[in-house]
Amino acid sequence: MINRVINESSKRITCGYLEYNNHLGIDLGWRVDEIQNNVYANSKGIVINVKDGVNTLPLSAKSWGNYVLVSHPNGMKSRYAHLRKGTIKVSVGQNVDENTILGIIGESGSVNGRHLHFEVYKDNIRINPTEYLIKPIYEETKVIETSNINDFKVGDKVLLLSGVATSSSDGSGTHTAKYDGNIKDIGNIKYITIINKNALRPYHISNDKENIKPRGWVSKEQMKKI
């Protein structure tokens, strides 16, 4: 389990969401080991607001004290408040991610002891941020490489280019025919009748759509749709 925002964040909650006096965030406790007090962005985003310069006396500024506000690509926001004066390492307009140190846990603003106040906004409303101690607020959509399966479909009429078809989809079978891409040669024009998406050569070709006269298995690179 990957903890976000601070080291071992899920174990350091000192005040939960709505736990005390309509508390619209969660508080995470300070530790003596300084490196444990580095504050990181939850996930990818851009810094849209920074407040620094508030001293460590309680009620010295609006309750957040020194803070960083991050806007994430999905429209959600996260705030990291009560940071120690002079430790904020980012500026407005800076791109950040889960590896970016924003500052150090402090006691600026309205506080009772050093801690981090962490907030998450959805549609500009502060929601329970607890799950985002172990979960990204924003996660990149994984780009899945388009498989050959998506480029052709059963029934497509194709021109067979240079290369050979084999008698098995894993490519281990004997050669069934050789093609040279000559569109004037009727022997180079086939139909896709079966698709095996997990195979080395996913496309089975035949002389007709009904697969009455099968010819073998080929790869995407051996075909051109016509």
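The values are calculated or read from the model by the stated rules, or taken from the named source; none is laboratory data. Note that the structure is a prediction, hence the values are computed from the model and not measured. Every residue, glycine as well, gets a Cβ built from its backbone with ideal geometry; the counts of neighbours run over all protein chains shown.
Okay, residues lined up against (1) surrounded by 14 or more Cβ atoms within 10 Å (Cβ to Cβ); (2) in the same structural domain as VAL50 (by TED's automatic domain parsing); (3) touching a Gly at 6+ places or on another chain (Cβ under 9 Å):
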site: GLY109; (1), (2), (3): yes, yes, yes
site: LEU116; (1), (2), (3): yes, yes, yes
site: PRO129; (1), (2), (3): yes, yes, yes
site: LYS157; (1), (2), (3): no, no, no
site: TYR179; (1), (2), (3): yes, no, yes
site: LYS184; (1), (2), (3): no, no, no
site: ASN188; (1), (2), (3): yes, no, yes
site: ASN196; (1), (2), (3): yes, no, no
site: VAL218; (1), (2), (3): yes, no, yes
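Of all the numbered requirements in (1) modelled with pLDDT of 90 or more; (2) not assigned by TED's automatic domain parsing to the domain that holds PRO73; (3) not hydroxyl-bearing (Ser, Thr, Tyr), GLY163 misses one, and that requirement is (1). Taking the criterion of being in contact with a strand residue (DSSP E or B) (Cβ under 6 Å, 6 or more places away or on another chain) and either closer than 16 Å to GLU131 by Cβ or not polar (S, T, N, Q) (or both), the residues of the stretch 10-22 that qualify are ARG12, ILE13, CYS15, GLY16, TYR17. Condition test on ILE137, is it crowded, with 18+ Cβ neighbours inside 10 Å, touching a residue at least 24 places away in the same chain (Cβ under 8 Å) and not in a strand (DSSP E or B)? Considered against the rule, which asks whether it is crowded, with 18+ Cβ neighbours inside 10 Å, touching a residue at least 24 places away in the same chain (Cβ under 8 Å) and not in a strand (DSSP E or B), ILE137 comes out as yes. Within the stretch 97-122, residues that are farther than 17 Å from ILE35 by Cα reach partners that are assigned to a loop (DSSP other than H, G, I, E, B) and among the small types (Gly, Ala, Ser) with beta carbons closer than 6 Å, at six or more positions or on different chains, in the pairs SER108/GLY65; GLY109/ALA61; GLY109/SER63; GLY109/GLY65; SER110/SER63; HIS117/GLY25; PHE118/GLY25; GLU119/GLY25. Being within 34 Å of the chain's Cα centre (by Cα) and outside any helix (DSSP H, G or I) holds for only one residue in LYS153, LYS178, LYS209, and it is LYS153.
Taking the residues in the stretch 13-26 that are closer than 24 Å to VAL90 by Cβ and at pLDDT below 95 as candidates, determine which candidate is surrounded by the most Cβ atoms within 10 Å (Cβ to Cβ).
Restricting to residues being closer than 24 Å to VAL90 by Cβ and at pLDDT below 95, the top hit is GLY25.
Do we find that GLY113 is part of a loop (DSSP other than H, G, I, E, B) and over 25 Å from CYS15 (Cβ atoms) in this structure? For GLY113, the condition - part of a loop (DSSP other than H, G, I, E, B) and over 25 Å from CYS15 (Cβ atoms) - is not met. Sort through VAL68, VAL90, VAL120 and tell me the only one that's at pLDDT 95 or above, more than 21 Å from the chain's Cα centre (by Cα) and not in a loop (DSSP other than H, G, I, E, B). Just a single option satisfies the conditions, and that option is VAL68. Scanning the stretch 87-100 for residues that are surrounded by fewer than 17 Cβ atoms within 10 Å (Cβ to Cβ) and either in contact with a Lys or Arg (Cβ under 6 Å, 6 or more places away or on another chain) or closer than 26 Å to HIS23 by Cα (or both) turns up ASP97, GLU98. Has the stretch 55-73 got at least one residue that is surrounded by fewer than 16 Cβ atoms within 10 Å (Cβ to Cβ), touching a residue at least 60 places away in the same chain (Cβ under 8 Å) and under 19 Å from ILE6 (Cα atoms)? Checked the stretch 55-73: no residue is surrounded by fewer than 16 Cβ atoms within 10 Å (Cβ to Cβ), touching a residue at least 60 places away in the same chain (Cβ under 8 Å) and under 19 Å from ILE6 (Cα atoms).
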